[in-house]
1. Report the label-to-label distance for TYR37 and HIS49 in nanometres (one decimal), using points 7 Å from each Cα along the Cα→Cβ vector.
2. Can you give the accessible area per residue of the chain, in Å², using a 1.4 Å probe?
3. D for segment 76-164, whole µm²/s, Stokes-Einstein with Kirkwood Rh over alpha-carbon pairs at 4 °C and 1.567 mPa s: what number?
4. Please sort through the DSSP H helices of the chain and keep those with an alpha-carbon extent of at least 27 Å along the long axis and a Kyte-Doolittle average not below 0.5.
5. Would you calculate the volume per residue, in Å³, of the smallest convex hull containing every Cα atom of segment 195-241?
6. At 1.002 mPa s and 20 °C, plugging the Kirkwood radius over alpha-carbon pairs of the chain into Stokes-Einstein gives what diffusion coefficient in µm²/s?
7. Between ASN230 and ASN116, what is the spin-label point distance in nm, taking each point 7 Å from the Cα along the Cα→C-beta axis?
8. Quick check on my link table: of LYS79/LYS216; LYS94/LYS140; LYS27/LYS249; LYS216/LYS251; LYS140/LYS247, which ones sit more than 27 Å apart, alpha carbon to alpha carbon?
Amino acid sequence: MTALPRILFLLSLLFSSFMLVKDAFAKDVVRVGVLQYGTVNWEMQAIEHLGLKKNDDIQVEAIPLASTQALLVALQGGKVDVILNDWLWVARQKGLGREYRFAPYSSNGGQLVVRNNANIHSLSDLKGKTIGIAGGKTNKNWVLFKTFIQQQTGLILGKDIAVKFGAPPMLNALVKQGDLDGVLNFWHYAAQLNAEGMPTLLTMEDLLQGSGIETKLPVLGWVFSENWANEHRSAINQFLALSADAKHKMKEQDDVWQSLPAFTRYPQPAQPYLIAGFRDGVFTHVTEQTEPTMAKVFAMLVANQEDNDVTGNLTALPEAILWQWE
């Protein structure tokens, strides 16, 4: 072998060795689909600000998307690996033979907030009033709140209580200008109304406890393909640990919040209510009662929904919804 071929041969060996070392130390990328203006951005920015991922073997990449539908399409198409969603979607996908898993993130659910001058002090006072509903009739909030209010008072949403369906920001605007007596809205919209002096009349937690369900229910969670998670078990488990660590610090440290641009865009008077709401909802530890509680709520939805709008054709919660990790 002449000098030049020998040199080229040695260079190729060095390059191959470099690539093997590089691959050995390459970080596994976890692509997280996030709503462009969603509250999940608080945590994504906290992870970055607190430097939590510097010593991990993963790289977390937040990919902003414009709508919930876009998140679902991106997840199903493999454009992102993880999104924040509810476990009912996972259940319906399992019913269709598509394997996804759910790791709890928050217990924050819908809240019924009433205008402070609407003379509503109890559920019975809703008679003859007009309530805005976010999420539509295919949302679990509609089914569960409608059922509970009827059981407690005999009043029927849509009959004894007028309802208007709409987007969450629009409903908040309507109740503030006096066109609605109250709204059933998602927790962070409810917190903003609380900051303006409007009280919460009924929370999802109150509703479930009043229905005999004492165990905390995870409402939202990280959702991902089971096949992807099995192939990237270390990466997903590290991501979930990272997420739990971020929420712990956001729960315990007040100063972290003012470093999050996605949070500080909210009006200052609303910020304490949003922080308190986020902290109340933190859910990171699954117990042996978590899945049975989800199954009980699923049964409530099956029994009270209209036209299988919420659970599809399923009659019971499928097995293996939760992702088990340490």
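The values are calculated or read from the model by the stated rules, or taken from the named source; none is laboratory data. In this text the structure is predicted, and so the values were computed from the model without any measurement. So basically every Cβ, Gly included, is an ideal-geometry build from the backbone, and we count neighbours across all protein chains shown. Only protein heavy atoms, including side chains, enter the accessible area calculation; ligands, DNA and RNA are left aside. Shrake-Rupley method; radii C 1.70, N 1.55, O 1.52, S 1.80 Å.
1. Distance between the two pseudo-spin positions: 2.0 nm.
2. 49 Å²
3. On the way: Rh = 15.6 Å.
After rounding, the answer is 83 µm²/s.
4. Values: long enough: 3-25 (33 Å, 1.57); 233-252 (29 Å, -0.55).
Sorted by number, the helices that extend far enough and score high enough are 3-25.
5. So the per-residue Cα hull volume is 140 Å³.
6. Approximately 99 µm²/s, per Stokes-Einstein.
7. 5.5 nm
8. LYS79/LYS216
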